[in-house]
Amino acid sequence: MSSHQTRNRAAVVLLAVALGLAGVRGAAAAGVNVLGQSLGAGSGGVGQCSSQGIDVNYGVGYAEKVGGFAVTSVTLSGISAACIGRHVAVALTGSDGRPMASVSTQVTGAETTLNVPETSTVAAEQLGGVSVVITD
């Protein structure tokens, strides 16, 4: 697959994720599936290490800061073994599409959990979407 095709698919998938998850507020605990075949941007997107979907699930807990339930963690599962050792960044966005928090780590296995620090608290009811990028 050419680099041009990978970038085009990445842009389409990221746009689909942003538009398709606008209603994730009610399904945050259930999670969503993000198509991974070309998820990512730049030269090191998931398209280069995976052609399968990545499941995104959220941990929630009571946060005094927001006076209700907030996203405490993001668990990515179904990650291809070829992605292990790469860097993953997750951005949580509001219903207006603006970033509310971001977390990153190294992919350690087929399932990787990223904890959302208390300083980046996102009220569960305000969560509108998620963006996931895996790079080299």
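The values are calculated or read from the model by the stated rules, or taken from the named source; none is laboratory data. The structure displayed is predicted, hence computed values, not measured ones. Methodologically, a virtual Cβ is constructed for each residue, glycine included, from the backbone with ideal geometry; neighbour enumeration extends over all protein chains shown.
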Inset, instruction - Can you tell me which residue within the range 53-94, out of those that are part of a strand (DSSP E or B) and of a type in the set (S, T, N, Q), is farthest from Thr121 (Cα to Cα)? - result: Ser77
Legend entry - Filter pass, Ser43 being surrounded by fewer than 19 Cβ atoms within 10 Å (Cβ to Cβ), polar (S, T, N, Q) and at pLDDT 50 or above: no
Inset, instruction - Determine whether the range 99-111 contains at least one residue that is within 23 Å of Ser51 (Cβ to Cβ), under 15 Å from the mean Cα position of the chain (by Cα) and acidic (Asp, Glu). - result: yes
Inset, instruction - Return a yes/no flag: does the range 84-92 have any residue that is touching a helix residue (DSSP H, G or I) at 6+ places or on another chain (Cβ under 7 Å), β-branched (Val, Ile, Thr) and either surrounded by 15 or more Cβ atoms within 10 Å (Cβ to Cβ) or modelled with pLDDT of 95 or more (or both). - result: no
Legend entry - Filter result for Ser131 (assigned to a strand (DSSP E or B), out of contact with any Cys (no Cβ under 9 Å at 6 or more places or on another chain) and crowded, with 18+ Cβ neighbours inside 10 Å): yes
Legend entry - Count of the range 73-98 residues which are at positive phi and either under 13 Å from the mean Cα position of the chain (by Cα) or not small (Gly, Ala, Ser) (or both): 1
